[in-house]
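A.B. asks: The following block contains the structure, expressed as structure tokens.
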Amino acid sequence: METPQHGRTPVRVIDELGGTDGLEPLDAYQGQVLDLIRSGLETGVDILDLSGTVADANDSLTRRLIGLAETDLGPPPRRYRWLALGSHGRREQVLSSDQDHAIAYELPAPGEDAAVHDYFTALAGFVVPALARAGLPLCTGGYMATNWCRPLEVFEQLFRGWIEEPRPQALIQAEVFLDVRGCHGDLPTDILDRILLGGGSRGPFRVQMASAAVAFRPPFGWFGRLRTSETVDLKLGGTAAIVLLARLYALTAGSTEHSTVPRLQAASAAGTLSPTSAASLIEAYRFLTDLRLRHQVEQVGEGLAADNRISLNWLTSEQRQRLRTALRLVRDMQSVTAMRFSTRSVT
């Protein structure tokens, strides 16, 4: 396989797309992303910068596909914004990351609702399967623009509903939207960040977010030992828990940062999280992300689907000890968070 330095890179693959009928280069996209990650790991690129580079490549691919769709469909009838959600919204993507996105568009004129909605539904109907062909799995929860294509005002109402009446089930459904970032389009969507920022000052919303942040516990059993001698899910109770903690403490601090490390740094600067706790969580997040990516590179290289479950036998003794330390830190921070925000009061 060609290396990124001497062969085709993801950007070159994107440039080679030949229109809506010329998507064959997409078949090579995942292999080129894999090469990019391999090269970064071998040359010592910071793991979080590498994860961000994957998200940037997916941004470029998405924009290129949207451009092809617009060429085929004609100019968009209203201003709009393609919204990156979840790990893509945070610029924290790995090889197992699926598609999470939505389309927010300008409110149509009276009588044009159906035509405008049909246009953006058709746009999403081209982009989503093309991304899947490029190796980005469909979201099993359905959080994709083919399902989530709405006027911006509708998204505003949804966000305000999550803030003003934060029910547990509603927030579970909303989790992927809380990492929203504009990817393409000229419709301003800053209002969504402002709504979320307002939620950070509301006690009930913070309690519900805290409850979500402590829901997935690291797999420890009696005496602080890992429950299994076989595999550990590095996402559940690991990176996902840190993502949720960072989002909670950053919003409480009045920050609209979109990525986990900047969120933890903002929380530390504002005093909602101690500098020591923030630094420890950043170190744990970097270590767990490194393990995830290395594990997934090996899996995909062997023709397997990328996942987040790592065998403890795959790790060195030093890595196993660092893993235990990282997961204990997460567990302890969740316990502190549960007490601080009185999550037992959540019903």
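Just so it is clear, none of the values below were taken in a lab; they were calculated from the coordinates. All values reported here derive from a predicted model rather than from experimental measurement. Ideal geometry is used to build each Cβ from the backbone, glycine not excepted, and the neighbour counts take in all protein chains shown.
A.B. asks: Okay, helix-only estimate at 222 nm for the chain: each DSSP H run of n ≥ 4 adds -39500 (n - 2.57), divide by all residues, round to 500 deg cm²/dmol; what do you get?
C.D. replies: Helices in the chain give a 222 nm mean residue ellipticity of -18000 deg cm²/dmol.
A.B. asks: Give, rounded to the nearest 20 debye, the magnitude of the charge dipole that the chain has about its Cα centre when Lys and Arg contribute +1 at Cβ and Asp and Glu contribute -1 at Cβ.
C.D. replies: Result for the chain is approximately 1780 debye, rounded to the nearest 20.
A.B. asks: Something else now. Taking K and R as +1 and D and E as -1, what net charge do the other residues with C-beta under 11 Å from the C-beta of Y80 add up to? Show your work: numbers first, answer last.
C.D. replies: Numbers: positive: R78, R79, R81, R150; negative: E70, E106, D186.
Residues near Y80 contribute +1 overall.
A.B. asks: OK, next. Report the rotationally averaged projected area of region 46-141 based on its alpha-carbon convex hull, in square nanometres.
C.D. replies: Result: 6.5 nm².
A.B. asks: Find out how many positive minus negative residues lie around D186, taking Lys and Arg as positive, Asp and Glu as negative, among other residues whose Cβ is under 12 Å from that of D186. Write down the numbers at each step before the final one.
C.D. replies: Numbers: positive: R78, R79, R81; negative: E106.
In short, +2.
A.B. asks: Charges only on Cβ, +1 for Lys and Arg, -1 for Asp and Glu: so what's the dipole of region 201-347 about the Cα centre, in debye to the nearest 20?
C.D. replies: Working: 19 positive and 10 negative charges, 108 e Å.
The dipole magnitude comes to about 520 debye.
A.B. asks: Right, another one. Of G44, G67, Y80, which is farthest along the charge dipole of region 30-82 in the positive direction, counting Lys and Arg as +1 and Asp and Glu as -1 at C-beta?
C.D. replies: The Cα lying farthest towards the positive end belongs to Y80.
A.B. asks: With the alpha-carbon atoms as the only input, what is the per residue convex hull volume for region 31-102 in Å³?
C.D. replies: Cα convex hull per residue, to the nearest whole number: 94 Å³.
A.B. asks: Only one of the values [x] 1.28; [y] 1.02; [z] 1.11 was calculated from this structure for Cα Rg over 2.2 N^0.38 Å; name its label.
C.D. replies: [y]
A.B. asks: Same structure again: Sticking to Cα atoms, compute the Rg of region 82-193 to one decimal and its Dmax as the biggest Cα-Cα distance, whole number, in Å.
C.D. replies: Values for region 82-193 (Cα only, Rg and Dmax): 14.1, 43 Å.
A.B. asks: Counting only Cα, what are the radius of gyration and maximum Cα-Cα distance Dmax of region 201-347, in Å?
C.D. replies: Cα-based Rg and Dmax for region 201-347 come out at 15.8, 48 Å.
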